[in-house]
Amino acid sequence: MVSDRIRILFNRIAPVYDQLNTWLSLGQHRIWKQMAVKWSGATVGDSCLDVCCGSGDLALLLAEQVGLPGHVTGLDFATAQLAIAAQRAQARYPKPPLTWLEGDALALPFPDNHFDAITMGYGLRNVTDIPGSLKELYRVLKPSAKAAILDFHRPSNAQIRTLQQWYLEAIVVPAAKQFGLTEEYAYIAPSLDRFPTGTEQITLARQAGFATATHYPIAGGTMGVLVVMKG
Ligand SMILES: C[S@@+](CC[C@H](N)C(=O)[O-])C[C@H]1O[C@@H](n2cnc3c(N)ncnc32)[C@H](O)[C@@H]1O
């Protein structure tokens with residue numbers, strides 16, 4: 001099954017995933033993740049979810065935002081990623097208000113209308129059913145609550161798009177090769193080719209039931225944050 005292949009892939013890259021992301025984005029991915037936390041509308045004391053949490057970067061930032069009166073659940077289906085996330089949280093003082101959960105973004109193990117805010121970083125491009133994933137986010141969000149979904153984006157400017165394609169082929173894949181992970185990182189370019197544009201994401205979000213949906217292109221349009229609100 002496709003999702004099994006994706007899970008195996010993310011288990012395999014887990015040990016170097018953070019280091020490689022920080023290097024390849026020159027540290028910028030933390031800023032983009034911080035923007036997603038802000039746009040999710042999460043505030044102190046909130047109960048939040050980070051879907052496709054991987055090694056926990058975004059969930060840790062979300063936990064800082066909600067503080068000790070709040071709580072964050074980080075959910076992913078790759079156990080090796082979750083193990084690293086748990087180690088990272090354990091090394092922090094005070095211990096962040098976080099729970100790590102193995103689960104499927106396409107069948108979230110929570111009741112309806114449960115969370116005050118949701119984030120998802122580089123997950124929507126990887127799920128096998130994007131409309132189904134958006135419907136699940138909609139279902140578990142409380143009324144009037146928001147989700148902020150960060151991912152790669154194909155810039156509308158042709159020159160920047162060419163630069164992005166060159167970067168993925170000439171920098172990202174060779175860098176991953178150093179870690180023996182060529183195949184694992186070569187998947188980014190084709191997955192981005194298939195990924196809906198910001199405008200298409202808005203349409204899908206409205207079809208999933210969201211009352212409002214806005215897509216914010218960032219980093220010259222090479223990344224984007226889809227912000228959706230349940231009515
Ligand atoms: C590119 S990583 C992003 C990790 C993290 N959010 C970040 O921004 O660094 C994508 C993650 O999505 C997870 N994933 C993909 N499909 C999933 C699904 N159906 N259910 C749960 N996790 C999934 C993978 O295991 C992987 O950890």
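The values are calculated or read from the model by the stated rules, or taken from the named source; none is laboratory data. Note that the structure is a prediction, hence the values are computed from the model and not measured. Cβ: placed from backbone, ideal geometry, glycine included. Neighbour counts: every protein chain shown.
Filtered by the rule that a residue be among the polar types (S, T, N, Q) and more than 8 Å from the ligand (Cβ to nearest atom), the stretch 133-152 gives a lone residue, SER144.
Conditions (1) touching a residue at least 60 places away in the same chain (Cβ under 8 Å); (2) over 14 Å from GLN201 (Cα atoms); (3) over 13 Å from the mean Cα position of the chain (by Cα), marked per residue:
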residue: LEU101; (1), (2), (3): no, yes, yes
residue: ALA117; (1), (2), (3): yes, yes, yes
residue: LYS135; (1), (2), (3): yes, no, yes
residue: ARG139; (1), (2), (3): no, yes, yes
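What is the residue count in the stretch 103-114 for residues that are in contact with a Pro (Cβ under 9 Å, 6 or more places away or on another chain) and near the ligand (Cβ under 8 Å from one of its atoms)?
To start, the set of residues in the stretch 103-114 that are in contact with a Pro (Cβ under 9 Å, 6 or more places away or on another chain) comprises 103, 113.
Filter once more, so that each one left must be near the ligand (Cβ under 8 Å from one of its atoms): 103.
Number of matching residues: 1.
If you take the residues of the stretch 50-67 that are within 14 Å of the ligand (Cβ to nearest atom) and of a type outside the set (A, V, I, L, M, F, W, C), which of them is surrounded by the fewest Cβ atoms within 10 Å (Cβ to Cβ)? Result: ASP57. For the stretch 115-132, name all the residues that are within 9 Å of the ligand (Cβ to nearest atom) and either part of a strand (DSSP E or B) or basic (Lys, Arg) (or both). Scanning the stretch 115-132 gives THR119, MET120, GLY121, ARG125. The sole residue among LEU163, LEU192 that is modelled with pLDDT of 95 or more, among the hydrophobic types (A, V, I, L, M, F, W, C), within 16 Å of SER25 (Cα to Cα) and in a helix (DSSP H, G or I) is LEU163.
Candidates in the stretch 68-83 are the residues that are aliphatic (A, V, I, L, M) and either more than 10 Å from the ligand (Cβ to nearest atom) or at pLDDT below 95 (or both); of these, the one that is surrounded by the fewest Cβ atoms within 10 Å (Cβ to Cβ) is LEU68. A count restricted to the stretch 6-49 and to residues that are among the β-branched types (Val, Ile, Thr) and crowded, with 19+ Cβ neighbours inside 10 Å stands at 2. Applying the criterion of being aromatic (Phe, Trp, Tyr) and more than 21 Å from THR79 (Cβ to Cβ) to the residues of the stretch 92-132, the residue that is surrounded by the most Cβ atoms within 10 Å (Cβ to Cβ) is PHE115. Among the residues of the stretch 26-48, those that are out of contact with any helix residue (DSSP H, G or I) (no Cβ under 7 Å at 6 or more places or on another chain) and of a type in the set (A, V, I, L, M, F, W, C) comprise LEU26, ILE31, MET35, TRP39. Of all residues in the stretch 69-88, those that are polar (S, T, N, Q) have Cβ atoms under 8 Å from Cβ atoms of residues that are in a strand (DSSP E or B), 6 or more apart or on another chain, in THR73/CYS48; THR73/LEU49; THR73/ASP50; THR73/LEU98; THR73/THR99; THR73/TRP100; THR73/LEU101; THR79/GLU102.
To keep it simple, each residue is scored yes or no on (1) hydrophobic (A, V, I, L, M, F, W, C); (2) part of a strand (DSSP E or B).
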position	(1), (2)
ALA42	yes, no
GLY45	no, no
SER55	no, no
GLN65	no, no
THR73	no, yes
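Filtering the stretch 1-28 to residues that are near the ligand (Cβ under 10 Å from one of its atoms), in contact (Cβ under 8 Å) with a residue 40 or more places away in the chain and not acidic (Asp, Glu) leaves VAL2, SER3, ILE6, ARG7, LEU9, PHE10, ASN11, ILE13, ALA14, TYR17.
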